[in-house]
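*Asks:* Dropping a structure here in structure tokens format, bear with me for questions.
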Protein chains: 2
Amino acid sequence: MANDPNLYFVEMQEPGYDAAADLSAIRGGDRKALARAITRVENELTGYRELLHLLTPETGVPVTGFTGPPGAGKSTLINALVRHLRKAGKTVAVIAVDPTSPFNYGSLLGDRLRMQEHFNDEAVFIRSIATRGSLGGLSEKVIELVDLMRCAGFDHIIVETVGVGQSEVEIAGLADTTVVVLVPEAGDEIQTLKSGIMEIADVFVVNKADREGAETFANNLRKLAAHPRPDGWEVPVVKTTANADVGVQEVVDAIERHHTSSSMNAKRPYLLAEKAFRLIRRERMRGLTKAQLKEALEKELHAPRFNLYQFADQWVRRIARNDN
Amino acid sequence: MANDPNLYFVEMQEPGYDAAADLSAIRGGDRKALARAITRVENELTGYRELLHLLTPETGVPVTGFTGPPGAGKSTLINALVRHLRKAGKTVAVIAVDPTSPFNYGSLLGDRLRMQEHFNDEAVFIRSIATRGSLGGLSEKVIELVDLMRCAGFDHIIVETVGVGQSEVEIAGLADTTVVVLVPEAGDEIQTLKSGIMEIADVFVVNKADREGAETFANNLRKLAAHPRPDGWEVPVVKTTANADVGVQEVVDAIERHHTSSSMNAKRPYLLAEKAFRLIRRERMRGLTKAQLKEALEKELHAPRFNLYQFADQWVRRIARNDN
């Protein structure tokens, strides 16, 4: 099964990997090659850097990120969305990101099960990404994997963040189009949410809109979003009841409208700078683990004049010496 | 007023700053000196590094971090807690941390107002810290400021995180004792919360315990927390109704019990390693801004073969050359 991340693990340790040939296969629509390449990049196996260095910007393959508080119904909405896209004959890749957050809302088997109806559909590619602390941050991995998926010719790439927190918002914010999914109950908090959420959302969805207060909440959001942004985009507010398939096509339309808007070009340098910053930071810290620091600390911390800032500065100098 | 962060800003630009003398004054209980030093470290003004390099571990000044979802009543609980500590004749410092999260729950004036009853109490030192993107991360700043406050001889130091998300959990998790505040309604999510939350919490508080389901929820938490951790600490679950002052003294007792437990020593190397990692990472990225990357990107990204990973690697090499 093309979606099994472990199936090709062993053979990928072998030498003689040809990144250019692999990329050709992925570009040609070979889903098994894509699945293997994802595993390669995710686990940093032979040739993964070479593969990434060969990627060129694939235009016309926009990425949509979904975020929002737990219980907002993101997975149900995405499931319905995929159904609509499939009906329109479009191919879709879904990358489901489990958070690194200590407030880990878990692997949420339930959410994965809800996607099951698409699992045997060849035109829908679904992949879950979990955190790998030892290989650096989750958001850096998602950047790489999404870029890889861009080459595979899907009509839509969806990044689904599971859970809540800064890492999820960051990851969804790295998409070309970011959809923030809320529920009417969020109304109380929207005034305080205002500043931050307006910056990240390209589309607002008020899901579970059959609940009380949905219309008022949606109207309040519309007031907040009433003025076009500096990039000319006016953030739409769409009411949905995803589990009854109400409003879902409007979400598809709003996303596709953003994909083809001038906002995409305006966002691009900011997104790339953010991505570059994260990739550089990961490289700058590569090889240094907390376990290593703990071992070094345990020898020093009982000194009467132990100072954390001197300790940290010593390591900064030590790593810098190894850079060249 | 000692708590005004801007009052001493101008004079602190002057040369000839004597960090050792300043630290002596702070150790001697000079609250204005502490307030100035916080501003110095927060804004990285003259001598802030020297000051940090002089800090030595202050034993007996434990730090308690509070985290939990918005609406859990953290501020109300902390306010009540401070009242109890004051009644027992103890001095308290509260550092309120606003998140860097794009989901910024804002400056939450309401929360600050709730602390107002303590603002004119000389034995209660309150300071808000907002994010300063340009000076590196928020959690690194909090590490420095808390260490500085440890020298000022408070009986308790409380780190209050405002909002929800990874950064808040991270910051609260850097405290010696971490209190996770929940409400009965969180019951539905607790199974999925289980793995992550058990690792960070030293004390659970079920606030708004006059609401339906509080007893069941608290009992479920107790079952999860029933087995002592490897460090020997059994995580207590305390029910409170903070706005009616119910259960607050039990929270104080639970915190003080953890402060004097062997768990504190067991946690210390892990906490220090985490802090060192963050401080090192900030230094490794110092001087590199996203704006700088964006400027460089704008010149290159229109090339037909532009590749983000090659771009990032070039910068990694360039920064490394400047290290030595």
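Throughout, read-outs are computed from the coordinates displayed, never taken from laboratory work. Please read all numbers here as calculations on a predicted model, not as lab measurements. Please note: Cβ atoms are built from the backbone with ideal geometry, for glycine as well, and neighbour counts cover all protein chains shown.
*Asks:* Within 10 Å of each Cβ in peptide B:204-211, how many partner chain Cβ atoms are there on average? Round it to a whole number, please.
*Replies:* Mean inter-chain Cβ contacts per residue within 10 Å come to 0.
*Asks:* For an R0 of 41 angstrom, estimate the FRET efficiency from the Cβ-Cβ distance between A:Thr289 and A:Asp30 and round to the nearest 0.05.
*Replies:* After rounding, the FRET efficiency stands at 0.70.
*Asks:* Around B:Pro57, under 10 Å between beta carbons, what's the net of Lys plus Arg minus Asp minus Glu among the other residues?
*Replies:* +1
*Asks:* Also, quick follow-up: How shielded is B:300-308 by partner chains, expressed as the average number of their Cβ atoms within 10 Å of its Cβ atoms?
*Replies:* Mean shielding by partner chains, rounded to a whole number: 4.
*Asks:* Within a Cβ distance under 14 Å of B:Ser263, other residues only, what is the Lys/Arg minus Asp/Glu net charge?
*Replies:* Neighbour charge sum, excluding B:Ser263 itself: -2.
*Asks:* Something else about it: What distance in nm separates the simple spin-label points at A:Glu185 and A:Arg321, each placed 7 Å from Cα in the Cβ direction?
*Replies:* Using points 7 Å along Cα→Cβ, the separation is 5.7 nm.
*Asks:* Can I ask one more? Working out 0.36 nm times the residue gap between B:Thr59 and B:Asn243, then minus their Cα-Cα distance, what length gain in nm do you get to one decimal?
*Replies:* Value of the extension gain: 63.0 nm.
*Asks:* What FRET efficiency comes out for the pair B:Arg86/A:Ala123, r = Cβ-Cβ distance, R0 = 60 Å, nearest 0.05?
*Replies:* Calculated value: 0.40.
*Asks:* Can I ask one more? Do me a favour and compute the ellipsoid semi-axes for the range A:202-324 from its Cα gyration tensor, root of five times each eigenvalue, largest one first, whole Å.
*Replies:* 50, 21, 14
*Asks:* Is there a simple number for the mean count of other chain Cβ atoms within 10 Å of the Cβ of residues in B:284-292, and what is it?
*Replies:* 4
*Asks:* Additional query: Would you mind calculating the gained length between A:Glu215 and A:Glu199 on full extension (0.36 nm times residue separation, minus the Cα-Cα distance), in nm to one decimal?
*Replies:* Here the segment from A:Glu215 to A:Glu199 would lengthen by 3.5 nm.
*Asks:* Ordered shortest first, which distances in nm separate the 7 Å Cα→C-beta label point of A:Thr56 from those of the other copies?
*Replies:* The projected label point of A:Thr56 is separated from its counterparts by 6.4 nm.
*Asks:* Among the lysines, which have Cα under 19 Å from the Cα of B:Lys74 when same-chain residues fewer than 8 positions away are ignored?
*Replies:* B:Lys208, B:Lys239
*Asks:* Between their Cα atoms, which of A:Lys299/B:Lys267; B:Lys87/B:Lys223; B:Lys87/B:Lys141 are more than 23 Å away from each other?
*Replies:* B:Lys87/B:Lys223; B:Lys87/B:Lys141
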